[in-house]
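K.L.:
Below is one structure. I have some questions about it.
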Amino acid sequence: MAKAKIQYTCTECGGVSSKWAGKCPACGQWNTLVETVVEPASSNRFSTNRQGIAQTAPVLSLSDIDAIDVPRFNSGIGEFDRVLGGGLVPGGVVLIGGDPGIGKSTLLLQTLVNLAHSRNVLYVSGEESGSQVALRAKRLGLLAPNLQLQAEIQLEKILGTLLEIKPEIAVIDSIQTLYSDALTSAPGSVAQVRECAAQLTRFAKQSGTTVIMVGHVTKEGALAGPRVLEHIVDTVLYFEGDTHSSFRLIRAFKNRFGAVNELGVFAMTEKGLKGVSNPSALFLSQHERQIAGSCVMAALEGMRPLLVEIQALVDTSPTPNARRLSVGLEQNRLAMLLAVMHRHANIAAYDQDVFINAVGGVRISEPAADLAVLMAIHSSLRNKPLPRGLVVFGEIGLAGEIRPAPRGQDRLREAVKLGFSIALIPKSNAPKQPLEGLTVIGVERIDEAFDKIREL
């Protein structure tokens, strides 16, 4: 018997190398080459029993094709539908990643129980036995007599079950446990994950079955296995949040049928995950009195405005090199904002340790948080609280100008709804019609913003 040929595949770009190296020769990423066994040459398995995702069709002009809106159906969980872009799509493939124990299987089991009353559903478990899944459903108080379950990890048997039952929704938990007989590598390897995902995606597009796959993540938080897995699916969702907290966040990183960066907020209870209708309350601390270094900003997560509290702590540095630390915000942007504050507002913090935190574990990536960050730093530096009922947002440029933020009116309406009375915002975002109960202060430069705050 001939010795099996070994090659090394990059998990980031899919590049192939004959020898192992610390750095991928194709994309330049470090420690991404994984050993794989080269399969013997044979007829392509994609061209034998399974044809393309559609029958061969003539070339048409784009104007001759009818643009039909994609039909959706609800999952029964409002926050989950929000992240998906309005609901599940027939023939769509969804990939859900997250840390172990964060609630991926719990959420999908709840979804299937809700859908089992009116639709044909199938739960394929590759990690747990049928009795373990039944025990979890009993613990959560879920009654699903119509929910069909299969504990299997062989891809060919799962595809046979899918062809026989023809479910409308199928959950694969998880993609890293499946293996195909067409390959000799172990389950969870790059080749197996890529093969199983490709075959399941092909089945979903052919049959119209909605397939939801669970994927494990690495220590860095990225999806374990090849990045091609994220490319071939329609929707990629990630669980965020601390496992020690009772709140879970689901963010959409890719969605062909909806908005990306959409955020869903859940609370983990004894009866499973429950959607939070007013998530702004989670990210606002409850203080009996105003404290220095705290500023509330109106953030935008996907299509939803959220009020998030930004906390800052500025203290004299005991070392020559002052520390800069931010949690939930970009660290490099913090150093830039401190330089802008020094140059254009004449407020120096080069001998001060600066710590920034976004309350509630939410990650804010939009530049509209710049003004709120500097207001919190300025408040902590002066040791003087900001006025009660103040909400802030705005992007700061290197020249000290304050640029407008997108969808400013929606942010202001969310602030009014939660009882805020003063808004410090870019002048371009000021509403033409005054909002009842809200005093709007429009500013154009960073030094002007600090002067307005001192007057309040």
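K.L.:
Assign unit charges at the C-beta atoms only (+1 for Lys and Arg, -1 for Asp and Glu), then state the dipole size of the chain relative to its Cα centre in Debye, rounded to the nearest 20.
P.N.:
Here the size comes out at about 140 debye.
K.L.:
Rounded to whole Hz and in sequence order, give me ³J(HN,Hα) for region 407-424 from the Karplus expression 6.51 cos²θ - 1.76 cosθ + 1.60, θ = phi - 60°, writing x for Gly and Pro.
P.N.:
6, x, 5, 5, 5, 5, 5, 5, 5, 5, 4, 9, x, 7, 10, 10, 10, 9
K.L.:
Ok, one more. Please list, ordered by chain and number, the residues whose modelled amide H lies under 5 Å from the amide H of VAL217; skip anything fewer than 5 residues away on the same chain.
P.N.:
GLY98, ALA224
K.L.:
Work out the length of the dipole vector of region 294-455 about its Cα centre, built from +1 on the beta-carbon of each Lys and Arg and -1 on the beta-carbon of each Asp and Glu, and round it to the nearest 20 debye.
P.N.:
200 debye
K.L.:
Counting only C-alpha contacts under 8 Å and six or more residues apart, can you give the relative contact order of region 292-407 as a whole percent?
P.N.:
Once normalised by length, the contact order is 36 percent.
K.L.:
Non-local amide H neighbours of MET303 (under 5 Å, H modeled in plane, Pro and chain starts lacking H): which ones?
P.N.:
Close amide H contacts, sequence-distant or interchain: LEU263.
K.L.:
Using only the alpha-carbon atoms of region 119-164 as identical scatterers, what base-10 log of I(q)/I(0) does the Debye formula give at q = 0.23 Å⁻¹?
P.N.:
So the normalised log intensities are -0.86.
K.L.:
Measure nothing fancy, just the Cα-based angle from helix 104-116's long axis to the longest principal axis of the chain, in degrees from 0 to 90, nearest 10.
P.N.:
Here the helix axis deviates by roughly 70 degrees.
K.L.:
Within 10 Å, count the other beta carbons around each residue, average over each peptide in 85-97, 125-137, 367-379, and list them highest first.
P.N.:
Sorting 85-97, 125-137, 367-379 by mean packing, highest first, produces 367-379, 85-97, 125-137.
K.L.:
Could you give the distance between the Cα centres of region 295-322 and region 226-280, to the whole Å?
P.N.:
Rounded to whole Å, the Cα centres lie 23 Å apart.
K.L.:
Let me ask you something else. Rounded, prolate or oblate, given the Cα gyration tensor of region 73-277, with a/c below 1.5 counting as rounded?
P.N.:
rounded
K.L.:
OK, next. Write down the percent of antiparallel bridges among all DSSP beta bridges whose residues are both part of the chain, to the nearest 5.
P.N.:
So the antiparallel bridges amount to about 55 percent of the total.
K.L.:
Please sort 170-178, 409-417 by packing, taking for each peptide the average over its residues of neighbouring beta carbons within 10 angstrom, highest first.
P.N.:
Highest mean packing first, the order is 170-178, 409-417.
K.L.:
Then there's this: Give me the distance between the Cα centres of region 98-162 and region 352-408, rounded to whole Å.
P.N.:
Between the Cα centres of region 98-162 and region 352-408 lies a distance of 44 Å.
K.L.:
May I ask for the distance between the Cα centers of region 438-456 and region 185-206, given as a whole number of Å?
P.N.:
Using only Cα atoms, the two centres lie 56 Å from each other.
K.L.:
Using each residue's phi in region 339-353, evaluate 6.51 cos²θ - 1.76 cosθ + 1.60 at θ = phi - 60° and report the 3J(HN,Hα) Karplus result to the nearest Hz, with x for Gly and Pro.
P.N.:
Working through the residues one at a time gives 5, 5, 4, 5, 6, 9, 10, 6, 10, 9, 9, 6, 9, 10, 6 Hz.
K.L.:
Further question on the same structure: Per-residue HN-Hα couplings for region 14-26, Karplus 6.51 cos²θ - 1.76 cosθ + 1.60 at θ = phi - 60°, whole Hz, x for Gly and Pro?
P.N.:
Computed from phi, the couplings for region 14-26 are x, x, 10, 9, 7, 10, 6, 8, x, 10, 5, x, 8 Hz.
K.L.:
Oh, and also: Relative contact order for the chain: what is it in percent, counting Cα pairs under 8 Å that are at least 6 residues apart?
P.N.:
Across the chain, relative contact order equals 12 percent.
K.L.:
What chymotrypsin sites (Phe, Trp or Tyr not before Pro) in region 254-361 are in a loop by DSSP, with at most 11 other Cβ atoms within 10 Å of the Cβ?
P.N.:
Passing both the DSSP loop test and the Cβ count: TYR350.
K.L.:
Still on this model: How large is the helix-only mean residue ellipticity at 222 nm for the chain, computed as the sum of -39500 (n - 2.57) over DSSP H runs with n ≥ 4, divided by its residue count, in deg cm²/dmol to the nearest 500?
P.N.:
Result for the chain: -7500 deg cm²/dmol, rounded to the nearest 500.
FYI, it's all coordinate maths here, none of it is from the lab. Keep in mind that what you see is a predicted model, and the values were worked out from it rather than measured. Note that we place each Cβ from the backbone using ideal geometry, even for glycine, and neighbour counts take in every protein chain shown.
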